Amino acid sequence: MAALKDVAIIGYAQARNERRAQATEVQFLFPVINEALEMSKIPRREIGFTCAGSCDYLSGQTFAFVMNLEAVGAWPPISESHVEMDGAWALYEAWVRLQHEDIDTALVFGSGKSSPGPPAEIFPLQMDPYTLTPLGLDPVSIAAIQGRALLDAGKVTERQMAEIAARSRRDAMKNPYAQVTGDFDVDELLAQPYIAAPLRMHDIPPISDGACAVVLATAEKAREVCERPAWIRGIDHRIEAHQPGMRDLTTSVSTRLAGDAAGARSAPIEVAELSATFTHQEPILCEALGLGDDVAINPSGGALAANPVMAVGLARIAEAAKQIVEGGHGRTVGHATSGMCLQQNLVCVLESD
Amino acid sequence: MTDTADTDTVQGDEPVTMMEYFMSLRYSDVVSPPVMRFRDALLEGRLIAQQCPICKLVYVPPKGYCPIDTIELDERNEIQLADRGTVTNFTVVTPVQYYGQKETEPFVRASILLDPPGGMLILQDVVDVPIDEVRPGMRVEAVWAPKDERDVDEIGNRSGSALDGSLRGFRPTGEPDTPADAFSDKVW
């Protein structure tokens with residue numbers, strides 16, 4: 001919905017994404033949270049509310065989300081909450097919490113260590129337990145079904161998918177947190193074998209260990225501590241049917257609804273950071289949000305350059321905020337997704353003063 | 001409808017009301033740098049920890065950070081611990097023979113406050129003494145396994161202060177008990 005009370009992003013930080021971090025999740029969260037707080041200039045003990053997004057299944061550690069609070073500084077006790085979702089939804093909860101007006105700052109973080117476990121075996125467990133989980137339907141296989149549907153519908157070509165991968169990896173060369181970077185030739189990418197047809201390696205996100213933290217403030221506080229806040233002009237999330245066979249995988253109705261509610265189409269967007277974890281999802285999201293060729297898509301390299309599950313969506317919002325705070329842009333959008341094949345989507349529209 | 005013999009479908013007597021799905025997930029951790037150093041020290045017969053320079057709390061095994069002061073800790077904050085101390089609290093476990101249980105007789109799990117510079121070890125075995133003589137305040141010392149028998153394979157990021165691959169446990173030293181006042185704020 002459109003923002004009721006003005007809330008701004010005044011600090012952000014990310015971990016350098018790694019295929020297999022030697023540090024534990026708490027250990028690599030430490031510098032990220034410290035850096036975001038430092039940028040915000042809000043003393044740690046003055047933070048009014050803390051909200052985290054993570055998933056214990058990823059690292060296979062019961063109550064890992066409680067341990068993550070050690071990186072926050074939770075003694076003496078603080079007011080905090082957790083969502084078993086990407087940190088972007090933790091940001092949404094914090095934004096709602098700030099609407100109450102009794103506090104003026106919030107710390108949000110998302111973190112995930114995917115490397116200890118087998119993602120292709122873990123992710124089927126989020127499907128329905130009767131017909132899909134026993135099939136072992138993993139994210140790459142079902143994304144391949146989506147990619148095939150998109151190709152069959154004539155909405156994308158394999159060459160366009162490779163071009164998206166090449167652009168993302170090239171842009172990611174400027175992103176110090178990215179994991180998959182470099183200058184790649186589209187023809188050479190297309191000469192690679194399929195992993196799960198029609199997806200090749202470049203169409204698939206890397207497995208990443210990573211984290212992101214964001215500090216929010218209400219208008220008065222943001223103006224007091226920050227020269228150029230990134231204002232949350234609208235934020236909304238929508239969900240579609242859990243069973244992927246019940247929806248048209250070539251479009252994203254929930255992204256369109258969330259985008260419209262957040263005001264994505266009400267004025268031109270300059271930069272979009274989208275959680276398109278597979279190349280073919282980028283055109284779906286661009287269509288749903290009405291983003292034309294004049295919009296810079298994923299200048300950070302996006303989720304194809306680093307995919308820290310549970311942090312990747314929050315990182316998109318942080319990157320969209322960075323485009324305003326550091327990049328001088330006036331209006332950007334950050335997008336997060338959850339579930340298989342873009343089942344649930346969150347859209348956050350940010351603006352400068 | 002096509003008229004084909006469907007060999008995969010069997011007509012049941014009743015509707016399906018329940019189904020079983022067995023799963024297992026295998027996770028493998030990389031041991032974090034501070035715990036790696038802890039393991040190396042155990043093989044040498046040493047207990048190490050990290051001490052926060054601000055609050056002076058001692059973390060054993062080392063965590064790599066102090067959650068109270070929210071600062072990162074590293075080798076510069078490493079200290080060597082004493083391998084003797086005081087039982088501050090204990091419980092007697094009477095084992096039930098569930099799958100994986102190796103113990104058959106009642107045994108002790110004690111919290112031990114190590115002598116200065118400090119450090120608390122939890123869930124330690126107390127050996128060479130009848131169970132009914134174990135008490136808070138009892139002075140104990142580590143019984144190290146012979147060097148070539150020490151095994152730190154079980155020590156990872158999640159194992160806490162489970163040291164039984166390196167220590168046989170703690171045994172009484174025979175010294176006079178530590179007065180309760182000296183550790184009553186450190187009972188775990």
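Test A:PHE28 against the stated conditions and say whether it is assigned to a helix (DSSP H, G or I), buried (at least 19 other Cβ atoms within 10 Å of the Cβ) and modelled with pLDDT of 95 or more.
For A:PHE28, the condition - assigned to a helix (DSSP H, G or I), buried (at least 19 other Cβ atoms within 10 Å of the Cβ) and modelled with pLDDT of 95 or more - is met.
What number of residues in segment A:97-122 are of a type in the set (D, E, K, R) and under 21 Å from the mean Cα position of the chain (by Cα)?
So the answer is 2.
Take the conditions under 21 Å from B:ASP164 (Cβ atoms) and surrounded by 15 or more Cβ atoms within 10 Å (Cβ to Cβ) and apply them to B:ASP83. Does it pass? Write out each step before concluding.
Details: under 21 Å from B:ASP164 (Cβ atoms): yes; surrounded by 15 or more Cβ atoms within 10 Å (Cβ to Cβ): yes.
When the stated conditions are applied, B:ASP83 passes them.
Restricting to segment B:53-74, name every residue that is touching a strand residue (DSSP E or B) at 6+ places or on another chain (Cβ under 6 Å), buried (at least 19 other Cβ atoms within 10 Å of the Cβ) and facing chain A (nearest Cβ under 8 Å).
Selection gives B:TYR65 alone.
Yes/no matrix, rows are residues, columns are (1) at pLDDT below 95; (2) surrounded by 15 or more Cβ atoms within 10 Å (Cβ to Cβ); (3) in a strand (DSSP E or B); (4) in contact with a Lys or Arg (Cβ under 7 Å, 6 or more places away or on another chain):
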| residue | (1), (2), (3), (4) |
| --- | --- |
| A:TRP75 | yes, no, no, no |
| A:TRP95 | no, yes, no, no |
| A:PRO129 | yes, no, no, no |
| A:ARG159 | no, no, no, no |
| A:MET173 | no, no, no, no |
| A:VAL180 | no, yes, no, yes |
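For A:SER81, all conditions in the list (1) away from every other protein chain (no Cβ under 12 Å); (2) surrounded by 18 or more Cβ atoms within 10 Å (Cβ to Cβ); (3) among the small types (Gly, Ala, Ser) hold save one; what is the number of the exception?
That leaves (2) as the condition not met.
Looking only at segment A:14-54, count every residue that is closer than 20 Å to A:SER114 by Cβ and either within 12 Å of another protein chain (Cβ to nearest Cβ) or of a type outside the set (D, E, K, R) (or both) and tell me the total.
Adding up the residues that qualify gives 22.
Check whether at least one residue in segment A:64-85 is aliphatic (A, V, I, L, M), within 30 Å of A:PRO198 (Cβ to Cβ) and touching a helix residue (DSSP H, G or I) at 6+ places or on another chain (Cβ under 6 Å), and report yes or no.
no
Only one residue in B:ARG135, B:ARG158 is of a type in the set (Lys, Arg), under 30 Å from A:LYS113 (Cβ atoms) and either buried (at least 16 other Cβ atoms within 10 Å of the Cβ) or modelled with pLDDT of 95 or more (or both). Which one? Lay out the reasoning, then the answer.
On the way: B:ARG135 fails: under 30 Å from A:LYS113 (Cβ atoms).
Matching residue, one of B:ARG135, B:ARG158: B:ARG158.
Restricted to segment A:145-177, and to residues that are β-branched (Val, Ile, Thr) and in contact (Cβ under 8 Å) with a residue 12 or more places away in the chain, which residue is farthest from A:GLU326 (Cα to Cα)?
Per the criteria, the residue is A:ILE145.
What is the residue count in segment B:122-150 for residues that are touching a helix residue (DSSP H, G or I) at 6+ places or on another chain (Cβ under 9 Å) and assigned to a loop (DSSP other than H, G, I, E, B)?
3
Could you tell me whether segment B:18-41 includes any residue that is out of contact with any Pro (no Cβ under 6 Å at 6 or more places or on another chain), more than 14 Å from chain A (Cβ to nearest Cβ) and either surrounded by 14 or more Cβ atoms within 10 Å (Cβ to Cβ) or small (Gly, Ala, Ser) (or both)?
yes
Of these, A:SER141, A:SER115, which one is in contact (Cβ under 8 Å) with a residue 40 or more places away in the chain, within 11 Å of chain B (Cβ to nearest Cβ), in contact with a strand residue (DSSP E or B) (Cβ under 6 Å, 6 or more places away or on another chain) and at negative phi? Even if it seems obvious, please write down each step before you answer.
Details: A:SER141 fails: within 11 Å of chain B (Cβ to nearest Cβ).
Unique residue meeting the criteria: A:SER115.
How about segment A:186-218: which of its residues are assigned to a loop (DSSP other than H, G, I, E, B) and surrounded by fewer than 23 Cβ atoms within 10 Å (Cβ to Cβ)?
Of everything in segment A:186-218, those that are assigned to a loop (DSSP other than H, G, I, E, B) and surrounded by fewer than 23 Cβ atoms within 10 Å (Cβ to Cβ) turn out to be A:ALA191, A:GLN192, A:PRO193, A:ALA197, A:PRO198, A:ILE204, A:PRO206, A:ILE207.
Filter segment A:47-68 down to the residues that are among the aliphatic types (A, V, I, L, M) and more than 19 Å from A:VAL312 (Cα to Cα), then identify the one that is surrounded by the most Cβ atoms within 10 Å (Cβ to Cβ). Before the answer, list the steps.
Here is the first cut: in segment A:47-68, the ones among the aliphatic types (A, V, I, L, M) are A:47, A:52, A:58, A:64, A:66-67.
Next, only the ones that are more than 19 Å from A:VAL312 (Cα to Cα) stay: A:47, A:66-67.
Working: A:ILE47: 23, A:VAL66: 12, A:MET67: 19.
Looking at the filtered set, the residue picked out is A:ILE47.
The values are calculated or read from the model by the stated rules, or taken from the named source; none is laboratory data. Source: prediction; values computed, not measured. As a convention, Cβ positions derive from the backbone with ideal geometry for all residues, glycine included, and neighbour counts pool all protein chains shown.
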